[in-house]
1. For the chain, what is the relative contact order in percent, using Cα pairs closer than 8 Å and at least 6 residues apart in sequence?
2. Compute the length gained on full extension between Leu48 and Thr15: take 0.36 nm times their separation in residues and subtract their Cα-Cα distance, giving the result in nm to one decimal.
3. Taking a ≥ b ≥ c as the square roots of the Cα gyration tensor eigenvalues, with a/c under 1.5 meaning rounded and otherwise prolate when a/b beats b/c, else oblate, which class fits the chain?
4. Taking the number of other C-beta atoms within 10 Å as the exposure measure, put Asp56, Asp8 in order starting with the fewest.
5. Output the peptides 36-43, 12-19 sorted from most to least packed, where packing is the average of other Cβ atoms within 10 Å over each peptide's residues.
6. Where does the chain land at 222 nm, in deg cm²/dmol rounded to the nearest 500, when only DSSP H runs of n ≥ 4 count, each adding -39500 (n - 2.57), divided by all residues?
7. Working out 0.36 nm times the residue gap between Asp25 and Asp56, then minus their Cα-Cα distance, what length gain in nm do you get to one decimal?
Amino acid sequence: MARELFCDHCERTLTSTAYRVISEDPGGVLLNMLVCHPCNQKARELGLETREITLDELQLKRG
Ligand SMILES: [Zn+2]
């Protein structure tokens, strides 16, 4: 029933929680990736904005 989701960066299977990495500038969104926990930590080290998102939320949004 639930579709498997994968990290957009390392292709690891996402478990209960994923992270959306967002990078925007005045011209628009530069980056919008769904990543796993380790990739989220790397993104934060690089100074990117990340937002935690549950897979339930994602499944609902993707229908
Ligand atoms: Zn990853």
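What follows draws every value from the coordinates through simple rules; no lab data is involved. Given the structure is predicted, the values throughout are model-derived calculations rather than measurements. Here the Cβ is made from the backbone with ideal geometry for all residues, glycine too, and neighbour counts use every protein chain on show.
1. Values: 96 pairs, mean separation 21.7, N = 63.
About 34 percent, as a whole number.
2. Details: separation 33, 0.36 × 33 = 11.88 nm, distance 2.18 nm.
Extending this stretch completely gives an extra 9.7 nm.
3. Values: a/c = 2.29, a/b = 1.47, b/c = 1.56.
Oblate is the answer for the chain, as a/c is 1.5 or above yet b/c matches or exceeds a/b.
4. Asp56, Asp8
5. Values: 36-43: 17.2, 12-19: 14.8.
Ranked by mean Cβ neighbours within 10 Å, highest first: 36-43, 12-19.
6. On the way: 2 runs with 17 residues, N = 63.
Counting only the DSSP helices, I get -7500 deg cm²/dmol.
7. Values: separation 31, 0.36 × 31 = 11.16 nm, distance 2.88 nm.
Stretched fully, the Asp25-Asp56 segment lengthens by 8.3 nm.
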